[in-house]
Amino acid sequence: MHWNPVAKVNLVALRHNFGVARRYAPSAKCIAVIKSQAYGHGLLEVAKALQADADAFAVARLSEGVQLRKAGVTIPVLLLEGVNDRNELRCAAQAHLQIVVHQARQLALLLENESPVPLSCWLKLDTGMHRLGIPAAQSHACITQLASCAWVDEIRLITHLANADDVDDPATDRQLYQMQEICDHYAFERSIANSAGVLAWSQSHVDWIRPGLMLYGASPMLGHCAADYDLQPVMTLQARLIVVRPVRRGDPVGYGGVWRAPKDGVLGVVGIGYGDGYPRHIQFGAQVLLKGRRAPIVGRVSMDMLTIDLSDVPAEVGDTVTLWGEGLPIGEVAVWANTIPYTLMCQVTARVERHYHG
């Protein structure tokens, strides 16, 4: 029996979710966002599963792009944060990586340093996110400068939606309008839609879409679950029950004794904790799945263990406990943890083994 925590990664579900993105934007090319170890699912494994279908991959940093190239990935790879100095520029060019240019310093880097090979560049425009991007007032001058660079052979325009998860927020309409105002002057291809844009803002689909979270089976939309969009969970986080023991009414459980048994019952200790990435600050009332039934977490989550109330769920040592995934949507767990699904996926630590199937 395997006793360590396991993150089971369903590559069939991953490809299904990619197909959902295609169905929402059938005319657009698709950049699969696989940064941060593919949101904790495994960079190379996810790339291998999607490279036959995706038109390109997007990662955040140069090291991720180089890792993909060394693994034999040949489709276009876009660096969303671009490059930061001359050495990174040279390395990105030699690896045939496409780069985002989102600030004047990066533009100057391109103009002042010759690239060993032609570069494909995406000029990022700040239409309202105010994180990265060229301000609208400077966009035309920057586009002119970029177009004058001898080793830039391809230019595209890109922006990022800040509030697309809320269909009632007018900020997205303002961003779309500003992007259109700029792009009307050029024939360059554009990319606007993140996962929320793909699912809820058809005006954002344009030439390229960039699905991220939705690929991994979670909903980016406020008030909607993954099933509302036919998205399937890709990661199922599981651990074994390592102890089953009785508890008496009034007994304190765990560090600080913050939970006391309301009646005589049975507790189970599960071999997973915050050292594996399960959130320590999970709220009382959070649940796990065991033999198709829900069981509540009691007491504080420890580094390597957490405790559940088995009073209403017959169980024995060695039983499999699901922390999120098939049968227990990660969106629910995110609410109990007062966070978002992205955080839960990305914080699963390296000591949790990834098992891939499909």
Open item on the list: Name the residue that is farthest from residue 273 (Cα to Cα), counting only residues in the stretch 196-251 that are assigned by TED's automatic domain parsing to the domain that holds residue 38 and without any contact (Cβ under 8 Å) to a residue 40 or more places away in the chain.
Closed with: 203
Open item on the list: Looking for something touching a Leu at 6+ places or on another chain (Cβ under 8 Å), surrounded by fewer than 17 Cβ atoms within 10 Å (Cβ to Cβ) and at pLDDT 95 or above - is there at least one such residue anywhere in the stretch 270-284?
Closed with: no
Open item on the list: Please verify whether residue 287 is touching a residue at least 12 places away in the same chain (Cβ under 8 Å), polar (S, T, N, Q) and farther than 22 Å from residue 316 by Cβ, treating the condition exactly as stated.
Closed with: no
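The values are calculated or read from the model by the stated rules, or taken from the named source; none is laboratory data. Computed from a predicted model, the values in this text were never measured in an experiment. For neighbour counting, all protein chains shown are included, and Cβ atoms are generated from backbone atoms with ideal geometry for every residue, glycine included.
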